[in-house]
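Heads up, the thing below is written out as structure tokens.
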Amino acid sequence: MIVNQLKTLDSKEGIMERISSGFPLSVYQTDFSLSPAPVPWHWHEDFQLCLVNRGAVRFHVVHQSCLLTENTGLFINCRLAHMAEAESPDASYYGINVHPDLICPRPDSRVYQQMLLPLLQLSTSSVFLFNKSTPDGLRLTEAFSRILELSEQPEIPGRELLIQSALLGAWPGVFNIVRGSGKNVSASENQRLKEILLYLDAHYPEKITLEAVASHIHLSPGECSRFFRRATGLTLFSYLLQYRIRQSGKLLCRTDLSIAQIALECGFSSQSYFTACFRKLEGCTPQQYRHRYQTC
């Protein structure tokens, strides 16, 4: 089992290690008891299935917040911006990322037209919860468990075919749930959020103004601020502060830069302000954090 260490490209597209070469499926565990840091906002070309195995986890998707407890799962459509954070210290969830090609690689086929195209349409994307309380949810949960089991047994002949079979057997249920109770997300608002996140990622070391962000996405400052809060549950500058602290944590762990240098690299006006913000969000000073987690 891969313990999740999410990596993102410059596009903030999440990349996960596949269970075998050329097989477009990843299986991983995110265990917040080992690392309490939230899984940051990102997106990917894969469909994502998550199932909480311990504690409680809150997932955020554009304009939506979903609290999942033990044995509850979540389906996230491809290309949807999302993040996850622990709601309890022991929280943990398993994730399965599946590229659409594993369901059906041929756009001209009936399977693609019926079972993939509605999920890949540009106008809306879907997200839904599932558990064992419905027939489709039960099949999806059982398929999820079977895929987890097979992912730990690389010696089984034809393991990839067995995994694909389990996935395909449950996929009509995914489509049924989307039609029956899946919540739609506006593709245009999803894209707008991505553009803001990418802008902040590119400019976080600099002085950022609301006017500059708003101009970048062609909104007024007021509407930009309201949109970001609706989409993420945070104000834009609360998110930016958290992002800068998260980036500073990487530098503390992976470099020997001074605290003052890291403060400037991450967009803080002074070392004292950086230390105060870091202590408030992380519960310790940057120096204490470095001693605890430094790997370089």
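Before moving on, here are some points about what is shown:
- Candidates Glu87, Glu17, Glu70, filtered to the one that is surrounded by fewer than 14 Cβ atoms within 10 Å (Cβ to Cβ), touching a strand residue (DSSP E or B) at 6+ places or on another chain (Cβ under 7 Å) and acidic (Asp, Glu): Glu17
- Of the criteria (1) under 21 Å from Ala37 (Cβ atoms); (2) surrounded by fewer than 14 Cβ atoms within 10 Å (Cβ to Cβ), which one Ser272 fails: (1)
- Among the criteria (1) in contact (Cβ under 8 Å) with a residue 24 or more places away in the chain; (2) assigned to a helix (DSSP H, G or I); (3) buried (at least 16 other Cβ atoms within 10 Å of the Cβ), the one Cys253 does not fulfil is (3).
- The residue list Ser123, Ser181, Ser133 contains one member that is free of Cβ contacts under 8 Å to residues at least 40 places away in the same chain, among the hydroxyl-bearing types (Ser, Thr, Tyr), within 23 Å of Gln64 (Cβ to Cβ) and open to solvent by 70 Å² or more (accessible area, probe 1.4 Å), which is Ser133.
- Test: Leu241 is within 15 Å of Pro40 (Cβ to Cβ), part of a helix (DSSP H, G or I) and open to solvent by 60 Å² or more (accessible area, probe 1.4 Å): no
- Every listed requirement among (1) in contact with a helix residue (DSSP H, G or I) (Cβ under 8 Å, 6 or more places away or on another chain); (2) without any contact (Cβ under 8 Å) to a residue 40 or more places away in the chain is met by Thr232 save one, (2).
- For first residues located in the stretch 189-207 and part of a loop (DSSP other than H, G, I, E, B), partners that are hydroxyl-bearing (Ser, Thr, Tyr) and lie 6+ apart or on another chain with Cβ distances below 8 Å form the pairs Tyr204/Tyr243.
- In the stretch 94-104, the count of residues that are touching a Lys or Arg at 6+ places or on another chain (Cβ under 8 Å) and buried (at least 16 other Cβ atoms within 10 Å of the Cβ) is zero.
The values are calculated or read from the model by the stated rules, or taken from the named source; none is laboratory data. Predicted model, so just to flag it, every value in this text is computed and none were measured. Positions of Cβ are backbone-derived with ideal geometry, glycine not excepted, and every protein chain shown enters the neighbour counts. Remember, those area values only see protein heavy atoms, side chains included, never the ligands or the DNA or RNA. Shrake-Rupley method; radii C 1.70, N 1.55, O 1.52, S 1.80 Å.
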